[in-house]
Amino acid sequence: MTRTDRIAQPWGTRTPYGRGEPWPVRVDTRLADGVTPDQVERWVQSAAVLHSNGDGLDIAVKGGRIVGVRGRAQDRVNHGRLGPKDLFGWQANGSPDRLTRPLVREAGRLVESDWDTAMDRVVRRTRELMEERGPSSVGFYTSGQLFSEEYYTLALIARGGLGTNHLDGNTRLCTSTAAEALKESFGSDGQPGSYSDIDHADTIALFGHNMAETQTVLWTRVLDRLAGPNPPAVVCVDPRPTPVARAATVHLAPRPGTNVALMNGLLREIVANGWTDQGYIDRNTVGFDELKKGLDAYTPAHVADICGVPAEQVREAARVLGTAERLLSTVLQGFYQSHQATAAAVQVNNLHLVRGMLGRPGCGVLQMNGQPTAQNTRECGANGDMPGFRNWENDAHMAELARLWNLDPLQVPHYGPPTHAMQMFRYVEEGSIRMLWVSGTNPAVSLPELRRIRSVLAQERLFLVVQDAFLTETAQLADVVLPAAIWGEKTGTFTNADRTVHLSEKAVEPPGDARPDLDIFCDFARRLGLRDKDGGPLVPWNGPEAAFEGWKECSRGRPCDYTGITYAKLRGGSGIQWPCNERHPYGTERLYADGAFWSGADYCESFGRDLITGAPVEESEYRALNPSAKAVIKAAEYVTPHEPPGGEYPFSLITGRTLYQFHTRTKTARAPQLQAAAPQVWVEVSAGDADSYGIEEGDLVEVATARGTVRAQARVSGIRDGVLFLPFHYGYWDTDGGFAPEGDGRAGNELTPTEWDPVSKQPLFKTAAARLRRVEATGSPAPAPTTTASAPVPGAAVPATTGGGAGEADERLHATRPEEIR
């Protein structure tokens, strides 16, 4: 049993180990109050779903209910350890406000209904729109929290059955840059590195990655290395004084939006000092000469002027990176959600290519994910990509996909790139998409510029379907709400950020009439009568294992090859890393160990894009650039952000995550320990700026951008001057079951701009220009945070009205409240 207070000590106790040694086992367990291990009736195999780490765990069941979790000692990912969200988040499954019956809108109100009524409405509207306006009038916006079997089925229905190009996931908001950066450098998605590289690295670099809060168990692994003999050096790039920054050998805190300039400065120093592997470069890459030429201007002094980082720190960080014998780098939202996102992430790949640091223990890149099944969204074709990492511009790839689905190739849309989420919502706004099916996500809180998004989703002409376990802010606006089963209530597979595939078994029945997402999608396909070209059912499976077998066949011969994995193989042991096939029957720990890349023009997932403009690279141009299927070193110049601070808005606002909450709190806020640790929004401000504005710890302050305002208590920290930080999790749902008025000044995305990276199309949540003012003093300092991590200060935020939607949306925006559902 876990005895340590894992809220106050989120990483638990240390188990030190040295370089090259196996990470010791430490099994973490949490059971409901009053339940002892001997009272647990069954332990059911699964893995964690409230982050992207993929911690193997077992679910404790008693009396048909989930009563706790236990880490799996044999799992390669976590060696038994669990983080706070793993230990406490399971309580959301038993929340009394779970959706248990379908809801339909009648006379402006959501009322309880039955599955036949709800699905008949969805099918009828789909048919009407397909006949009147064609497949482009229907769009699907999904999650990073379903299972691979569900994503693949959805991709088959949307792309093959309906023929719409409008299918994307909320992974667009968090990891699309990871996918694009990997495609640009290596020709395909797929992480080159492995979590086990932490065991061997002598240097670990974290670029915009607050691992301590986003992947707590992975950070535990780093902490255990730091506590052991021969600890690795740590380089941290983050404008905030995170736990990672405090543990770093070198901490670079650049101005937001200047990551490309910083990376170019580091690369210039590495190249100038001869810290490159020229033999590796010559054998395995193209583009180095162009990169070298483009780095000339990025001297330490010039980079210091752009980034606000001392030139000597740039030199020192470059020395640590350039002289490392085994370098592991990780990248996350500090790069992905910032200006020039893909360009910056690609420069991290370039760092490893010029140093020859790939494919060996301790030498790897992890372009990290933010959600537990984000990798599956991308693999299975539900995140603006084609299933199996196929290239939509390659007619042979699309013909192969059509053959797998037994369809005419022309029936699978590939006349242009799959529609990304930001464009989809614009099409909804403009009226060309008239039906939007949202599954497992809450865009009314998670998308940028929320006033606009609420208005878009509330249009009378839009038929909105929401498939979720709870009545979220988005579900309130729906025409039909479908109650979904969640983790622990269904069976399926999912894949973490280092390509480890886990099986999650059904432990308990879902509440009421809630159904697994796979069952809902299959039911829709049957009711709609979707058929293949021979008249057989388009979706030939009914259960998860059969769906998995279908997905395996789709993955055959592709980079993400699952053909050597079975449910039986996943049961009882550890997760398995793809590719897993006849050649690699036990999985593949690291990619590109042999210098062979997935970048051949006939095989690659993408021909790439211009890193500055996003313009696509033509196939002929790509073939000329890379005739021998090597890794591509791509240079990028720094350009200034579109919304720099200045004048009325002198601050740079960045949004992000806290350790204890996940996304829009739909699950974590229903776990009492997690909610108590991070109960409401706060604003992080530097000591210097607090002094200038007369702000003290706990004061009520207001942050405003050109789009809205948020009011919250101030936390005074070591964040760099001129930068404000705001967690994005907090919407309008309260833990007492009520909803605050939309736009009441607590949601961070009221402030963020509708702007996205030209390559990955990922929204830029870390580039807003803002202003700050003190609203009122609290009279006493706010209580200290719960932990040494960046936990919020308890206290209530004072609402500030910023308005809701407009025009035809107004009535619907305020039409539904929980007490109105009968």
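The values are calculated or read from the model by the stated rules, or taken from the named source; none is laboratory data. The structure presented is a predicted model; accordingly, all values stated were derived computationally and were not measured. Reconstructed Cβ throughout: ideal geometry from the backbone, glycine too, with neighbour counts over all protein chains shown. Side chains are part of the model used for accessible areas, which takes the heavy atoms of the whole protein and leaves out ligands, DNA and RNA. Shrake-Rupley method; radii C 1.70, N 1.55, O 1.52, S 1.80 Å.
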Qualifying positions in the range 609-638 - open to solvent by 20 Å² or more (accessible area, probe 1.4 Å) and in contact with a helix residue (DSSP H, G or I) (Cβ under 6 Å, 6 or more places away or on another chain): Lys630, Lys634, Ala635, Tyr638
Residue hits (the range 406-420; more than 20 Å from Gly139 (Cα to Cα) and hydrophobic (A, V, I, L, M, F, W, C)) are Leu407
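Sort out which residues of the range 343-398 are of a type in the set (A, V, I, L, M, F, W, C) and open to solvent by 10 Å² or more (accessible area, probe 1.4 Å), and write them in order of number. If you could, list the steps in order and put the result at the bottom.
Here is the first cut: in the range 343-398, the residues of a type in the set (A, V, I, L, M, F, W, C) are 343-346, 348, 351, 353-354, 357-358, 363, 365-366, 368, 374, 380, 382, 386, 389, 392, 396, 398.
Trp392, Ala396 - these are the residues of the range 343-398 that are of a type in the set (A, V, I, L, M, F, W, C) and open to solvent by 10 Å² or more (accessible area, probe 1.4 Å).
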Taking only pairs six or more apart or across chains, which ones have beta-carbon atoms under 7 Å, a first residue in the range 162-179 that is within 11 Å of Gly370 (Cβ to Cβ), and a second residue that is assigned to a helix (DSSP H, G or I) and open to solvent by 10 Å² or more (accessible area, probe 1.4 Å)? Asn170/Ser446; Leu173/Ser446; Cys174/Gln333
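Condition check: open to solvent by less than 40 Å² (accessible area, probe 1.4 Å), part of a loop (DSSP other than H, G, I, E, B) and under 30 Å from Met263 (Cβ atoms). Does Cys580 satisfy that?
Details: open to solvent by less than 40 Å² (accessible area, probe 1.4 Å): yes; part of a loop (DSSP other than H, G, I, E, B): yes; under 30 Å from Met263 (Cβ atoms): no.
No; evaluated as a whole, the condition is false for this residue.
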Within the range 305-345, the count of residues that are acidic (Asp, Glu) and within 18 Å of Arg720 (Cα to Cα) comes to 2
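Among the strands (runs of 3 or more DSSP E) lying completely within the range 67-145, list those that include at least 3 residues that are open to solvent by 10 Å² or more (accessible area, probe 1.4 Å) and modelled with pLDDT of 95 or more.
109-112
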Kindly list the number of the only condition in (1) closer than 30 Å to Met368 by Cα; (2) open to solvent by 10 Å² or more (accessible area, probe 1.4 Å); (3) charged (D, E, K, R); (4) in contact with a helix residue (DSSP H, G or I) (Cβ under 8 Å, 6 or more places away or on another chain) that fails for Asp55. (2)
Residues that are part of a loop (DSSP other than H, G, I, E, B) and either aliphatic (A, V, I, L, M) or open to solvent by 50 Å² or more (accessible area, probe 1.4 Å) (or both), drawn from the range 533-565: Lys533, Asp534, Leu538, Val539, Pro540, Asn542, Arg556, Ile565
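Could you list all residues from the range 672-719 that are part of a helix (DSSP H, G or I) and either of a type outside the set (D, E, K, R) or touching a Cys at 6+ places or on another chain (Cβ under 8 Å) (or both)?
Within the range 672-719, Pro672, Gln673, Leu674, Gln675, Ala676, Ala677, Ala687, Gly688, Ala690, Ser692 qualify.
Could you tell me whether Asn376 is polar (S, T, N, Q), under 27 Å from Leu146 (Cβ atoms) and out of contact with any Cys (no Cβ under 7 Å at 6 or more places or on another chain)? Talk me through it step by step, then tell me what you get.
Details: polar (S, T, N, Q): yes; under 27 Å from Leu146 (Cβ atoms): yes; out of contact with any Cys (no Cβ under 7 Å at 6 or more places or on another chain): yes.
For Asn376, the condition - polar (S, T, N, Q), under 27 Å from Leu146 (Cβ atoms) and out of contact with any Cys (no Cβ under 7 Å at 6 or more places or on another chain) - is met.
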Could you check the range 639-669 and list, in sequence order, the residues that are open to solvent by 50 Å² or more (accessible area, probe 1.4 Å) and in contact with a strand residue (DSSP E or B) (Cβ under 9 Å, 6 or more places away or on another chain)? Pro644, Pro645, Gly647, Glu648, Pro650
Consider Gly279 against the criteria (1) closer than 15 Å to Gly356 by Cβ; (2) crowded, with 17+ Cβ neighbours inside 10 Å: it satisfies all of them except one. Which criterion is unmet? (2)
Between Arg255, Arg246, Arg221, Arg268, which is open to solvent by less than 20 Å² (accessible area, probe 1.4 Å) and of a type in the set (Lys, Arg)? Arg221
Residues located in the range 720-739, provided they are in a loop (DSSP other than H, G, I, E, B), open to solvent by 10 Å² or more (accessible area, probe 1.4 Å) and closer than 29 Å to Phe470 by Cα: Phe728, Asp734, Thr735, Asp736, Gly737, Gly738
Gly595 - would you say it is over 21 Å from Thr500 (Cβ atoms) and not acidic (Asp, Glu)? yes
Does Leu518 qualify as being among the aliphatic types (A, V, I, L, M), in contact (Cβ under 8 Å) with a residue 40 or more places away in the chain, out of contact with any Leu (no Cβ under 6 Å at 6 or more places or on another chain) and surrounded by 18 or more Cβ atoms within 10 Å (Cβ to Cβ)? yes
Which residues, counting only those in the range 1-50, are small (Gly, Ala, Ser) and either assigned to a loop (DSSP other than H, G, I, E, B) or open to solvent by 20 Å² or more (accessible area, probe 1.4 Å) (or both)? Ala8, Gly12, Gly18, Gly20, Ala32, Gly34, Ala48
Has the range 463-479 got at least one residue that is over 25 Å from Gln375 (Cβ atoms), polar (S, T, N, Q) and surrounded by 21 or more Cβ atoms within 10 Å (Cβ to Cβ)? yes
